[in-house]
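The values are calculated or read from the model by the stated rules, or taken from the named source; none is laboratory data. This one's a predicted model, so the numbers in the text were calculated from it and none came from an experiment. Every residue, glycine among them, receives a Cβ derived from its backbone with ideal geometry; neighbour counts consider all protein chains shown.
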Amino acid sequence: MCWGFYKTLPIYHGVLAVYELICGLIRLGMFLDSSNSINTTKSLRKNSQVVAAFILDWISSMVPTTMGLFILFLSLWCGCRILRSHSCQDSRRHTNLRLRDLISNKPIQRFLIFNCNCPCYIARPKWRFLSRMIFTLVTIGLRFLVIILYATAHHDGNEKNHDSSQSLAVACGITVPSAILILLLDYYHYRVWWHYVPSCDQEPVCGGRRYLKKHKRFIPYHLMGEHRNAMRLGNEPCPAQYCIDRNLEHIMIFHYNTFRPQARWSEVRQINDNHLGTYVGFHRTSPAAAVSIAYTDFQLSLKRPQMLGFGIYFARSIYHTMGKARREGAVICAEVLMGEVREIENAELPFVSNSDLWWMTYDTIYYRHPTDPNRDEFCIKSNTQILKWVIVIEQPYDTKVTQYGLNTEYDDTQCECI
Ligand SMILES: [Zn+2]
Ligand SMILES: [Zn+2]
Ligand SMILES: [Zn+2]
């Protein structure tokens, strides 16, 4: 049901644009009508405040009006073709096909909703929302200014002019709700991307369960680092080899899955930085378990065998969670408070394996891999050490991305960004 609404967003924008066009034409008609009164010296066009309001009015409704005109033109053109093809049965099917093509044409849809498809927005849905929100808010602000100007214009006792400028104010006022509706549609569009709920989260939207505060967000898999394109300006991965951005979304979205956000724990401990004591780790599990974590936090692994003892396990990169974890389908990137750390190598494994005895003196066991530092891992004793996380559900387990068409939203971008 919801994906149906998401896919018809351009239609709602189109309807609102046509509404704006109609209101705009009504205002134009009212303005010209009152200006063409018999006594031209006292026409509305002589009142500078009303003229200023009228110009501002058109500036603020330029974009929706252009869109409305475009839709009108498009439907007239299609209507003409259908009428013409009535005589010929053969071309009729052809025309219906063309009409459907036009309506489902994504660049046209984007043009209708004035939605820029800059490559830099692909991985940054928030930027697209903010730029559109600023644009819409400016429009709404201008409308209010226009309404005030129309309503407060002085007409030196000319009742007729007074009335028509009052009705211009009203005609402008009725377009404010449609601008607010556009803002709401944009917000919904943004929420689907940035406050994403994967298809495997079966909880009803209004069901009582809420995500934990520590759960920052689900990231739809098509936003992940492997989908960045180094050849496409704006959509390229993070260029820094030694990137110090510890933002979990940044790590997941702008780096490949082999990226290790931090050096080995022993080196991190030596460098005194603001993040002293925390470390970024990756945890792989099943989609159902990941959803359950979002609601109820991590659970300790208590089933033998456990190499570093009982607790919650993390690796240094997404890539190195593969093969290690017993379940798959979801990856969690978490910021972990390390606390009291015991660093061990192979020889000390027997002291911690399959046991919780180390819990008494340590919070974390950090295992230094003897040959490959990339394969280090660590185990913590309590989920209270986990400060926050983001989760990605992998492609085979999440159907929502393709259902909503999120992964193809930017595919057929033409002329740079439309
Ligand atoms: Zn851009
Ligand atoms: Zn980076
Ligand atoms: Zn653009």
>> Can you go through Val352, Val392 and tell me which one is more than 16 Å from ligand 1 (Cβ to nearest atom), within 20 Å of the chain's Cα centre (by Cα), assigned by TED's automatic domain parsing to the domain that holds Thr278 and on the phi < 0 side of the Ramachandran plot?
In response: Val392
> Does segment 257-264 include one or more residues that are at pLDDT 85 or above, of a type in the set (Gly, Ala, Ser), surrounded by fewer than 17 Cβ atoms within 10 Å (Cβ to Cβ) and under 29 Å from Val341 (Cα atoms)?
Replying inline: yes
> What's the number of the condition Tyr211 fails, among (1) within 16 Å of ligand 1 (Cβ to nearest atom); (2) surrounded by 11 or more Cβ atoms within 10 Å (Cβ to Cβ)?
Replying inline: (1)
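Quick grid of which residues meet (1) among the small types (Gly, Ala, Ser); (2) modelled with pLDDT under 90; (3) out of contact with any His (no Cβ under 8 Å at 6 or more places or on another chain); (4) within 16 Å of ligand 2 (Cβ to nearest atom):
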position	(1), (2), (3), (4)
Glu335	no, no, yes, yes
Asn354	no, no, yes, no
Arg368	no, no, yes, no
Gln385	no, no, yes, no
Ile393	no, no, yes, no
Cys417	no, yes, yes, no
>> Name the residue that is farthest from ligand 1 (Cβ to nearest atom), counting only residues in segment 101-147 that are of a type in the set (Phe, Trp, Tyr) and at pLDDT below 75.
In response: Phe111
>> Given the criterion closer than 30 Å to Tyr295 by Cβ and assigned by TED's automatic domain parsing to the domain that holds Ser61, identify the matching residue among Tyr190, Tyr221.
In response: Tyr190
>> Here is a list: Thr175, Thr152, Thr136. Which entry is under 18 Å from the mean Cα position of the chain (by Cα), away from ligand 2 (no atom under 16 Å from the Cβ) and over 28 Å from Glu236 (Cβ atoms)?
In response: Thr136
> Of the numbered conditions (1) touching a helix residue (DSSP H, G or I) at 6+ places or on another chain (Cβ under 8 Å); (2) closer than 21 Å to His255 by Cα, Met322 satisfies every one except a single condition; which is it?
Replying inline: (1)
> Is it true that some residue in segment 132-151 is within 13 Å of ligand 3 (Cβ to nearest atom), in a helix (DSSP H, G or I) and of a type outside the set (A, V, I, L, M, F, W, C)?
Replying inline: yes
> Taking segment 129-150, which residues are of a type in the set (Val, Ile, Thr) and surrounded by 15 or more Cβ atoms within 10 Å (Cβ to Cβ)?
Replying inline: Thr136, Thr139, Ile140, Val146, Ile147
> Applying the selection to segment 314-345, what residues are among the basic types (Lys, Arg) and on the phi > 0 side of the Ramachandran plot?
Replying inline: none
> Is it fair to say Asn235 is without any contact (Cβ under 8 Å) to a residue 40 or more places away in the chain and within 15 Å of ligand 2 (Cβ to nearest atom)?
Replying inline: no
>> Given the criterion modelled with pLDDT of 90 or more and surrounded by fewer than 21 Cβ atoms within 10 Å (Cβ to Cβ), identify the matching residue among Asn247, Asn272, Asn235.
In response: Asn247
> Only one residue in Ile293, Ile244, Ile253 is without any contact (Cβ under 8 Å) to a residue 24 or more places away in the chain and either within 16 Å of ligand 1 (Cβ to nearest atom) or out of contact with any Ser or Thr (no Cβ under 6 Å at 6 or more places or on another chain) (or both). Which one?
Replying inline: Ile244
